[in-house]
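To keep things clear, I will list the structure first and then write my remarks on it.
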Amino acid sequence: MQTAQVSIFVNAVFVNGVVCKDAKLVKADDFLFRGLHVMGNTSNDVGSNVTAVTVAELAGLNTLGISLARIDFAPGGINPPHTHPRATEVLTVIEGSLLVGFVTSNPDNRLFTKMLEKGDVFMFPQGLIHFQKNVGYGHALAIAGLSSQNPGVITIANAVFGSNPDIAEDILAKAFQVDIKVVRQIQSKF
């Protein structure tokens, strides 16, 4: 069994860590993703849900340099500060009102924010920390286009306070200039 699996990949071409499928084996389903019309479950701590459509969900995206996501927001819900290390994001508001923003890199750490309404489009440069918040009274919906078939996502709070193993408490306390008890309290949520 192991030999058979290895032989499959001997002549395989990998792009961004994903095997390119032999053209003779490609089928129509490789270019289809169903379900983007379904609202994601926003009953969670942040009040949002991201339905990603990357090469992991839609094989036909491999090598094309694009992907997308549906982002659903409960009232007051946020898509917490995060970054895409391999993609620029273009966000379009389909329903509702969103406060969006991104922060430039050191040393300026300049915050750019905008209030978006239905039909508005906003762009987040590759690698920069950005966020969205539903500031309307009802649910909000946005669609994001990303400039990579595998954009990656690093949610800042999860990465810093929920790493495995934990980042040492004294390092986080010093970095955030808070007491170690505060660090422990935050880490306990992740």
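The values are calculated or read from the model by the stated rules, or taken from the named source; none is laboratory data. Just so it is clear, the structure is predicted and the values come from calculations on it, not from any experiment. Note: ideal-geometry Cβ built from the backbone for every residue, glycine included; neighbour counts use all protein chains shown. These accessible areas exclude ligands, DNA and RNA; they are computed on the full protein's heavy atoms, side chains included. Shrake-Rupley method; radii C 1.70, N 1.55, O 1.52, S 1.80 Å.
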Query raised in the report: Going by the conditions given, is Asp29 at pLDDT 90 or above, open to solvent by 50 Å² or more (accessible area, probe 1.4 Å) and part of a helix (DSSP H, G or I)?
Result: yes
Query raised in the report: If you take the residues of the stretch 8-23 that are open to solvent by less than 50 Å² (accessible area, probe 1.4 Å) and in a loop (DSSP other than H, G, I, E, B), which of them is modelled with the highest pLDDT?
Result: Cys20
Query - Single condition Ala87 does not satisfy, out of (1) at pLDDT 95 or above; (2) closer than 30 Å to Lys21 by Cβ; (3) open to solvent by 30 Å² or more (accessible area, probe 1.4 Å) - result: (3)
Query - Every pair of residues 6+ apart whose Cβ atoms lie under 6 Å, when the first sits in the stretch 38-66 and is over 18 Å from Leu98 (Cα atoms) and part of a loop (DSSP other than H, G, I, E, B) while the second is aromatic (Phe, Trp, Tyr) and open to solvent by less than 80 Å² (accessible area, probe 1.4 Å) - result: Glu57/Phe33; Leu58/Phe33
Query raised in the report: What residue, of Gln132, Gln149, is modelled with pLDDT under 95, within 17 Å of the chain's Cα centre (by Cα) and surrounded by 20 or more Cβ atoms within 10 Å (Cβ to Cβ)?
Result: Gln149
Query - Scan of the stretch 164-190 for residues that are open to solvent by 100 Å² or more (accessible area, probe 1.4 Å), polar (S, T, N, Q) and under 26 Å from the mean Cα position of the chain (by Cα), ordered by number - result: Asn164, Gln185
